[in-house]
1. Looking only at the stretch 9-55, count every residue that is more than 16 Å from Pro201 (Cβ to Cβ) and in contact with a Ser or Thr (Cβ under 6 Å, 6 or more places away or on another chain) and tell me the total.
2. Residues to consider are Gly25, Gly12; find the one that is surrounded by 17 or more Cβ atoms within 10 Å (Cβ to Cβ) and on the phi > 0 side of the Ramachandran plot.
3. Which one is least open to solvent (accessible area, probe 1.4 Å), of the residues in the stretch 45-70 that are under 26 Å from the mean Cα position of the chain (by Cα) and of a type in the set (Lys, Arg)?
4. Can you tell me which of Arg75, Arg62, Arg41 is at pLDDT 95 or above and within 30 Å of Gly132 (Cα to Cα)?
5. Yes or no: Gly119 out of contact with any strand residue (DSSP E or B) (no Cβ under 8 Å at 6 or more places or on another chain), closer than 30 Å to Cys5 by Cα and small (Gly, Ala, Ser)?
Amino acid sequence: MEYRCEATTVAGFIQQIAVAYVGHGYIFYVTGEIPEKKDPRAVDERIIEKYGIAVGKTARARRKAAGLANLQYIRFRRRFVLLATPGKHAFFEAERNHLRDAREVPIKVCGYAISYREGHPHVRIEQKHYLGLKSYFSDIAVHRSKESLEAELRRLHFEPYAPVRGQLFGILREVNKRRKAAQYEPVSSSCVRVRRRIVAPFEVAPTLDVIAA
C-alpha cells in the first residue's frame, strides 16, 4: 500500500506529528536529518520497509491487540521523525541509543516543541526560540511604530495551538509593558492570530513555509 510521509509545509508537519501521531499514542520517537548527499525519498523507502510501517488500520489494530508496537514516519525536507506506540518491536532495540519519550523530552522540530501531557499532545514554541523572540520584540518595542510592530507580529509563522497562543500573548504583554512605560500607544491584540489553520499535511503547498531558525 502507498504510505504518504513527505509533509509539504511546516504547519502540516507539526499538525501530523502532534495531532495524528502523538495524540494517538505514538509517544516514543527518534529524529534525524538526512545528509545532503542522500536522496530523501530513497531514505524514506528504506526506513518504511525496514520497520514495516506501510500497513493499514486493520493490521495496526491487530498488532496493538497482540501487544506489538505500531510505527509512523514523517519527513519535511531533510528533517524526519520516526514514532512508535508502546509494545514490542525491533525498532526499540535498533534505535535504543537515540530513542526518546515525548512524555519526558519534547520533539523539537522547526522551532516547535511537541510533548505528550495528561493524555493530550502539547505544542509550544521551543523555549530557546521563544525567549529569543521575546527578547527581540522587547528590544524593538519602543523603537518601532505601533503599525510596524503589529505587522511583524502578524508575520510570525507559528500556528496558534493553545500553548503557542499563550506564548505569543506573553510577547505582546512584554511589548506593551515597555510601550506603556514610554507612554506610547499599545499594540493591538488583534495582531495575534488565535485560530489554527487545519491543513492537508501531504498536499502541495500553495506558498513556501518559513522555517524557524
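The values are calculated or read from the model by the stated rules, or taken from the named source; none is laboratory data. Bear in mind that the values here come from a model prediction, so they are computed numbers and not experimental data. Ideal geometry is used to build each Cβ from the backbone, glycine not excepted, and the neighbour counts take in all protein chains shown. These area figures cover heavy atoms from the full protein model, side chains too; ligands, DNA and RNA do not enter into them. Shrake-Rupley method; radii C 1.70, N 1.55, O 1.52, S 1.80 Å.
1. Final tally of qualifying residues: 1.
2. From the options Gly25, Gly12, the qualifying one is Gly25.
3. Once the filter is applied, the top-ranked residue is Arg60.
4. Answer to the selection: Arg75.
5. yes
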